[in-house]
Amino acid sequence: MKKTAFLGIKATILGLSLAVLPLTAAAATMPSDEEKSSPTGEQPESAGFHDVATETFNRGGDVNAALAEIGYTEVTAPTASPRSTGADVNMGAVQVFTSGGPIGSYGILATYSWNDTNAKFFDGTSTDVMGISLSDPRNVQSSSASFCNTANDCTGITNPETLNQNGVAYANSGAGSDNVRATVGLTIDRAGPCDFQAFSTYSHGWDETVLTGVGIGRGSVSVSWNTSGQNFAIAGGPGNCA
């Protein structure tokens, strides 16, 4: 017969008698502190990562060297500070072309391309503005723009941010891999002498920066953002018609 251990305790509280509860020897066995704190199952090998890092950091040691001893090396990635600058972009000089025919026109081409696409990638979502301005007002015949990503997929833009006799500007927003290069074309009447200059301006804003306005004046493109410090603007070389 299985023996049963009893707790030989009887107490009276406020006149109420508490019954003596029989406990088997197995049930009466309580786990030790060591047993209670021991996790179940095997710990993965990576469990030592944090222990080694913490112990080394707390004693002022070389965390990278200590982790390297257990097979960990720090991941490094290209960075840009502050995210990107105008030096990461190549602005082509503005080109001016002439066309014959019964009406005739001048064609003006402006371009930009990122020479460091990593810098733009780390900017994340951003807005890019490209514009052409003229030294003298001219009658505009047409305009268009194309923005391309790193895979050379291009998006044509037909609606400019602003367009007047002084020039045109386009804007496009996208991810870090978008808008790494663009072209803007403008055709104007060939009436009058070929004695003007054409200028290009590229502006880039990222993070929480929101485009709030674009203006075209004689020989200038102005771009406004809602914040400062997270955007830049650069100009291309002028195109001369002479």
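Descriptive notes on the structure:
- Relative to one another, the C-alpha centroids of the range 162-178 and the range 214-233 are positioned 11 Å apart.
- Distance between modelled label sites at VAL52 and ALA87, nm, 7 Å Cα→Cβ extension: 3.7 nm
- Nonlocal amide H pairs with GLY176, under 5 Å, H built at 1.01 Å: GLY124, THR125
- Whole-number accessible area per residue in Å² for the range 103-225, which is evaluated in the context of all protein chains at 1.4 Å: 41 Å²
- Estimated distance in nm for a label pair at ILE70 and CYS194, the labels positioned 7 Å out from Cα along Cα-to-Cβ: 7.3 nm
- Computed over the alpha-carbon pairs of the range 117-242, the distance histogram in 10 Å steps reads 13, 43, 31, 11, 1 percent, short to long.
- Carbon/sulfur fraction of accessible area - the range 101-242, other protein chains in place, 1.4 Å, %: 47 percent
- Working from label points 7 Å from Cα in the Cα-to-Cβ sense, the THR227 to GLN141 distance is 4.3 nm.
The values are calculated or read from the model by the stated rules, or taken from the named source; none is laboratory data. Just so you know, these numbers come straight off a predicted model, no measurement behind them. Positions of Cβ are generated from backbone atoms using ideal geometry, with glycine treated the same way; all protein chains shown enter the neighbour counts. With ligands, DNA and RNA removed, areas are computed over all heavy atoms of the protein, side chains included. Shrake-Rupley method; radii C 1.70, N 1.55, O 1.52, S 1.80 Å.
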